Each structure stands twice: as C-alpha cells, then as structure tokens.
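**Student:** The structure that follows is given in the form of structure tokens.
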Amino acid sequence: MGTLISDKFAAWEAECNQRFNQLKANEEELNRIFIDIYGLQDELTPEVEDKDVTVRRADLTREIKSLLSYAVGCMFGRYSLDVDGLAYAGGKWDDSKYTTFIPDADNVLPITDEEYFTDDIVGRFVEFVKVVYGTDTLEDNLAFIAKALGTKGTSPRAVIRNYFLNGFYADHVKIYQKRPIYWLYDSGKQNGFKALIYMHRYNADTSGLVRADYLYKMEQVYESEIARMDDAITNGASREVAQATKRKEKLVKQLKECKDYDDRLGHIALARIPIDLDDGVKVNYDKVQTGADGKKQAILAKI
C-alpha cells in the first residue's frame with residue numbers, strides 16, 4: 001500500500017501544534033515568573049503572540065515546497081533516500097549511495113512549459129513521488145501537492161510544472177540568501193529554455209553539455225511544433241486555426257529567444273570555464289558567465 005502525503009502532513013501538523021502549544025505555555029509561564037519577581041504587572045503581560053514563539057508551526061505550502069526542494073536534491077544526488085544527511089557536496093562521487101532513487105546522470109534537469117520530454121524535472125518529480133509514497137497513491141498525492149502549491153494549471157502535473165517554471169528558483173534563491181547551490185540556465189522571459197544544474201557537480205564542460213544536448217534539442221522541438229501549427233493553420237477548422245495561430249506566435253518567440261541565447265551560451269561553452277568551490281557561490285556564479293574576452297554573458301538567471 002502506498003502512503004498519502006496528506007496523512008503524513010496531518011500527523012506532522014498535530015505534532016507541531018502539541019510542541020507549539022506546549023512551548024507557548026512554557027514561555028508564558030516564564031514570563032509570569034519574571035513579571036512577579038520584578039513587579040512589572042503594570043508594564044508587561046505574560047501572553048506571547050504566535051509569531052514570537054520560538055518553534056514554527058506546520059505550514060502546508062512551506063512544507064510542500066520543502067518536499068519539492070528535497071526531491072530536486074535527490075535528483076542531483078545532493079541527498080539520497082538511502083543515506084542520512086548530505087550524500088554529495090563535492091569530492092568523490094559514490095554510486096553505492098544511491099539505490100532507491102537514482103540521481104540524474106549528467107547533472108542537467110530541463111524545465112519546459114509543456115511536456116516535451118518524459119525525463120524533464122516534472123517527470124523526474126513524479127517518479128520521485130511514486131518511489132517514495134507508492135504507485136497506488138500517486139494521483140492523490142500529486143493532487144494534494146498541487147493544491148498546496150496553489151499555482152495555476154489545468155491538472156496537478158500542470159500546476160507542479162508551473163511552480164518549477166515560475167516559482168521554484170526564486171524560492172531557492174531566497175532560502176539560500178542569494179547564494180544558490182542549484183543554478184538555472186535561463187534564456188529569458190519567453191521561457192524558451194530553462195535547465196537546472198547542481199553547482200557541486202559543475203565542471204568545465206557543463207555549459208557545452210547544456211548547449212549541445214539540451215538547448216539544441218529544445219530548438220528542434222520548437223521547429224517541429226511550429227511546422228505542426230502551420231499544418232493546422234492550413235488544414236484545420238476555424239477554431240483550430242485560431243488556437244494554432246496563437247500557439248505558433250508563442251513558439252516563434254521562444255525559438256528566437258533560444259537562438260539569441262545560443263549565441264551567448266556559445267561564447268561561454270567554448271571557454272570551458274572551471275570553478276573553485278572554495279571561492280563561494282557569488283564569485284563562481286559570475287565566473288561561469290564571463291567569456292575568454294572578459295565580457296559577461298547573461299546565461300544564468302539573475303540572483
């Protein structure tokens with residue numbers, strides 16, 4: 001039998017609230033003692049506001065976002081379902097740490113606005129949920145996750161896709177105080193191309209790999225989809241023509257953005273830029289975007 005995330009969260013919430021209420025009562029009792037000792041009854045009250053209690057309450061959206069972040073960590077091998085704590089944060093890679101859920105082989109997770117690849121970040125997340133919580137509860141769990149995220153979408157998978165596309169990286173940068181450990185290759189506002197990598201698995205060939213194995217493939221997808229829309233415009237009914245025309249306009253913009261991005265990424269890929277983890281995130285984040293000519297190319301999302 002699979003596990004329902006909603007049941008897990010309910011148990012966690014109940015545990016948090018017992019701990020929370022217990023701690024709140026303790027803090028208020030300590031305040032009473034302090035007020036009595038110093039005779040401060042006219043100046044202070046013992047009551048403590050919820051926001052001032054030093055343990056946080058369960059928050060569904062926050063916990064679900066943390067689950068997605070942990071899942072991405074497992075996709076990159078930072079974490080493993082088979083070992084406690086950090087599984088990899090630089091140094092020698094150890095395949096034996098990963099048996100239940102295998103990390104991404106090449107350290108690149110594409111994020112697309114539609115389901116173009118089965119092994120993109122959404123496909124990998126669905127597989128993670130299946131492995132951890134079971135196949136028979138998969139759809140219920142995806143629906144629960146999607147509802148907690150609260151982003152737009154016509155299905156649970158679409159909601160999760162929109163969060164990865166538009167919300168995940170901003171949350172990650174915020175949590176890591178503008179020193180992200182996952183880096184986002186990002187072509188721009190049209191969402192033409194997005195792909196996450198794990199900084200600790202970056203090497204001098206990473207940008208070239210992203211370009212050759214992912215960006216080019218994305219351009220081919222757009223070209224193929226544009227041809228399909230052209231066919232629908234030529235042969236479809238009026239409603240189909242309107243939909244195809246609108247989608248083609250979007251695809252053309254995305255393809256152009258990818259071509260422009262390819263020019264920038266090409267300079268960086270050819271430079272084969274190494275990083276030194278000891279220099280920290282900020283130095284390396286700039287370094288991997290600066291070509292051999294000393295000019296910075298905007299290939300990663302702004303932080």
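No lab work stands behind these numbers, since they all come straight from the coordinates. Note that the structure is a prediction, hence the values are computed from the model and not measured. All Cβ positions, even for glycine, are placed from backbone atoms using ideal geometry, and neighbour counts span all protein chains on display.
**Student:** Mind checking the alpha-carbon convex hull of the stretch 2-155 and giving the volume per residue in Å³?
**Tutor:** Hull volume over Cα atoms, normalised by residue count, gives 171 Å³.
**Student:** What ³J(HN,Hα) values, in whole Hz, does the Karplus curve 6.51 cos²θ - 1.76 cosθ + 1.60 give for the stretch 193-202 when θ = phi - 60°, with x put for Gly and Pro?
**Tutor:** Karplus-based 3J(HN,Hα) across the stretch 193-202 equals 8, 9, 8, 8, 10, 9, 3, 6, 10, 5 Hz.
**Student:** Here is a follow-up. I need the Debye-formula profile for the chain: one equal scatterer per C-alpha, no solvent, reported as log10 I(q)/I(0) at q = 0.16 1/Å, two decimals.
**Tutor:** Each listed q corresponds, in turn, to -1.33.
**Student:** Follow-up. Using just the Cα positions, wrap the stretch 5-52 in a convex hull and report its mean projected area in square nanometres, one decimal place.
**Tutor:** If I average the Cα hull's projected area over directions, I get 3.6 nm².
**Student:** Go through 212-225, 23-36 and give me the packing order, highest mean Cβ count within 10 Å leading.
**Tutor:** 212-225, 23-36
**Student:** Using the Karplus equation 6.51 cos²θ - 1.76 cosθ + 1.60 (θ = phi - 60°), what ³J(HN,Hα) coupling, rounded to whole Hz, does each residue of the stretch 93-109 give in order, writing x for Gly and Pro?
**Tutor:** Residue by residue, the stretch 93-109 yields 6, 10, 4, 5, 6, 10, 10, 6, 9, 8, x, 4, 5, 10, 6, 10, 10 Hz.
**Student:** Please arrange Ser6, Ser207, Ser66 by counting, for each residue, the other beta carbons lying within 10 Å of its beta carbon, fewest first.
**Tutor:** Ser66, Ser6, Ser207
**Student:** Which of the aspartates and glutamates could be linked to Lys256 by a straight reach, that is with a Cα gap under 13 Å, when you skip same-chain ones fewer than 8 residues away?
**Tutor:** Those aspartates and glutamates meeting the cut-off are Glu219, Glu223.
**Student:** So which lysines can Lys174 reach, going by Cα to Cα under 16 Å and dropping same-chain residues fewer than 8 places off?
**Tutor:** Filter leaves Lys65, Lys282, Lys302.
**Student:** Suppose R0 equals 22 Å; then what is the FRET efficiency for Leu4 and Thr100 from their Cβ-Cβ distance, rounded to the nearest 0.05?
**Tutor:** It comes out at approximately 0.70.
**Student:** Moving to a separate point now. Taking H placed 1.01 Å from N in the peptide plane, check which residues at least 5 places from Ala58 or on another chain put their amide H under 5 Å from its amide H.
**Tutor:** Amide H to amide H, under 5 Å and 5 or more residues apart or across chains, Ala58 pairs with Asn17.
**Student:** Now for a different question. For the stretch 5-52, build the charge dipole from Cβ charges (+1 Lys, Arg; -1 Asp, Glu) around the Cα centre, then report which of Cys16, Gln41, Asn26 sits farthest towards its positive end.
**Tutor:** Cys16
**Student:** Once phi is turned into ³J(HN,Hα) by the Karplus curve 6.51 cos²θ - 1.76 cosθ + 1.60 with θ = phi - 60°, what whole-Hz value does each residue of the stretch 115-128 show in order, with x for glycine and proline?
**Tutor:** These are the phi-based 3J(HN,Hα) values: 7, 8, 10, 6, 9, 6, 5, 6, x, 5, 5, 4, 5, 4 Hz.
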